Amino acid sequence: MFKAILHHRAASCEDCSGLCCTKIEDFSVKAGQLEIFSHVNLHIHCGQLTAIIGPNGAGKSTLLRAILGEVPHTGRLRYVDAKGKHTGHPVIGYVPQYLRFDVSAPISVMDIFMACLSKRPVWLCSGSSLRPMVLEQLARVKAEHLIDRRLGALSGGELQRVLLALALDPMPDLLLLDEPVSGVDRNGRELFYEIVADLRAKEDMAILLVSHDLGLVAKHADQVVLMDKGVLVSGTPEDVFRDARTRQVFGMVDGIEAGEGGLA
Amino acid sequence: MEGIYSLMDILLPFQWASHTFMRNAFLAVLLVTPLFGILSTMVVSNRMAFFSDSLGHGAFTGIAIGALLGIFSPMASLVAFSVLFALFITYIKSKSSVSTDTIIGVFSSTAIALGLMLMSRGGSFNKFSSYLIGDLLSITQEDLAALLLVFLAVLVLWALLFNRLLVLSVNAAFASSRGISSLLAESVFAAILAVVVAISIQWVGILIINSLLVLPAAGARNITNDVKHYHLVSVLIALVSGISGLILAYYFNMAAGATIVVIASAIFFLTLLLKPYFVR
């Protein structure tokens, strides 16, 4: 209870005192002459799920890739731990957008774990020593039964859970989810969000999520950021979804109001 | 070398194995086809078939430039130019937003045109035409020594590089979030491919070298479900088609490289038929 109040207070306040957080300071990205977004300032707190919403082309995915360091950008990324000491770059986990895999690729779930966990090449590695560890990591995302399946034979929701399990090793300070379950069926989406919400509570991890799923965002997010070439509105889901600018961007539907009711 | 030859006398008491040129060709096949087998797994998984095709074209220009300059040995200039060509394409590909196949297409056609232009200078193209179809029976003992060196170097690099390439083949952004530099991994892979293509081109031939970088893995992925079997089957397909192609080519007096490729594609179509029984 106390934790919830603290988190919600922190969501709207400008400094990170007393909580570990990742500060994104004045991020801008340009592609040639085109400005993708500019002057983005975000404070992402541990134990909170921050959702970025916005129209297509708003720069949401690019922001995540800039945080990853994959896209050249201006501005600074700072990670501050609970004692307020500057601790440099956070460990970042990343789950990419769900994409259609080449289903003929003969890569099993175990193979991809071995490639990430072990230095030895997968074609030489027996894997039996790593297997208990991999099963444990898959259990975190309710996917132990998938260990010997081909990546291409997984459903969208299953594949994203496996990628989430991979992103959790090493345990990140900041977890970036880029529309992880768009295009995945309803059950798969809800299961994914439940696992993520669970992780936030258990691991006290900062999570930054890009999503178009306003209903699920309203249900699970602690902080919502509306982006369109920059931050338009940010705050608690209630504040952001009530804001006129959000309604203008999305042409708000009634379903969100119900989700909001659940939060209060 | 004499020891190896006498060992072959005992193990291979066949008529074809009594000639030195066939023994050399056989040893070359044993060294080169496993390399094609393992490299092709990532060529196919990373959708680089067009890229590897362009490497043959780059090697062609390397031969022409080597002949023109005449200061290095032809092999050195061939390998050097192929590696530079491969690294250059990889770099441009990573820096440019133009689609990959366009970039490769541009470089590939430039290379082949440049090569043809230089080779045809003064009407002397005919002496290069053997590179088009290759001659597996012309391998010398020095070639074999160089091959052995490349074979060992590629195995070591492959062991170091493979896991990164595998993660990259799944998703580039995900790989970079795990600290894998896609430019570095792809450059090393491209350089390995370029070296293997360059040293093999005079035996296999420009026209068909790319099939050896595609067919083994294309067949293997039809009947395997994990990386280990994928590798194993790919190497087996390459080895079996290499050895049987060489022997068939000897008895029917055909181009060995082409015979090997025809057998590899026959195996590919067989795996296509078997696919429903193997893939989970």
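The values are calculated or read from the model by the stated rules, or taken from the named source; none is laboratory data. Bear in mind the structure is a predicted one, so any value in this text is a computation, not a measurement. FYI the Cβ positions are ideal-geometry reconstructions off the backbone, even for glycines, and counts take in every protein chain you see.
General remarks:
- A:Gly215 being outside any loop (DSSP other than H, G, I, E, B), in the same structural domain as A:Leu63 (by TED's automatic domain parsing) and under 17 Å from A:Ala51 (Cβ atoms): yes
- Here A:Ser182 meets each of (1) surrounded by fewer than 22 Cβ atoms within 10 Å (Cβ to Cβ); (2) within 11 Å of another protein chain (Cβ to nearest Cβ); (3) part of a loop (DSSP other than H, G, I, E, B) with one exception, condition (2).
- Looking across A:Val95, A:Val134, A:Val141, one residue alone is more than 7 Å from every other protein chain (Cβ to nearest Cβ), in contact (Cβ under 8 Å) with a residue 24 or more places away in the chain and touching a Lys or Arg at 6+ places or on another chain (Cβ under 6 Å). It is A:Val141.
- Residue selected from region A:116-132 under the condition part of a helix (DSSP H, G or I) and either of a type in the set (Lys, Arg) or modelled with pLDDT of 90 or more (or both), by the criterion surrounded by the fewest Cβ atoms within 10 Å (Cβ to Cβ): A:Pro132
- A:Glu179 being without any contact (Cβ under 8 Å) to a residue 60 or more places away in the chain and of a type in the set (Asp, Glu): no
- Top-ranked residue of region B:137-150 - restricted to ones that are surrounded by 17 or more Cβ atoms within 10 Å (Cβ to Cβ) and either under 14 Å from the mean Cα position of the chain (by Cα) or more than 24 Å from B:Ile206 (Cβ to Cβ) (or both), ranked as modelled with the lowest pLDDT: B:Leu147
- Every pair of residues 6+ apart whose Cβ atoms lie under 7 Å, when the first sits in region A:105-118 and is at the interface with chain B (Cβ under 7 Å from one of its Cβ atoms) while the second is among the charged types (D, E, K, R) and outside any loop (DSSP other than H, G, I, E, B): A:Pro106/A:Arg150; A:Ile107/A:Arg150; A:Ser108/A:Arg150
- Tally of residues being part of a helix (DSSP H, G or I) and surrounded by fewer than 22 Cβ atoms within 10 Å (Cβ to Cβ) across region B:215-245: 8
- Flag if A:Ala153 is at the interface with chain B (Cβ under 7 Å from one of its Cβ atoms) and at negative phi: yes
- Any hit, region A:52-73, residues being in a strand (DSSP E or B) and not aliphatic (A, V, I, L, M): no
- Cross-chain or 6+ apart pairs with Cβ under 6 Å, region B:160-189 first and under 15 Å from B:Met42 (Cα atoms) and more than 8 Å from every other protein chain (Cβ to nearest Cβ), then part of a helix (DSSP H, G or I) and modelled with pLDDT under 85: B:Ser182/B:Ala172
- Among (1) farther than 30 Å from A:Met114 by Cβ; (2) part of a helix (DSSP H, G or I) - the single one B:Ser97 does not satisfy: (2)
- Of the residues making up region B:119-136, those that are in contact with a helix residue (DSSP H, G or I) (Cβ under 6 Å, 6 or more places away or on another chain) and surrounded by fewer than 19 Cβ atoms within 10 Å (Cβ to Cβ) are B:Phe125, B:Phe128.
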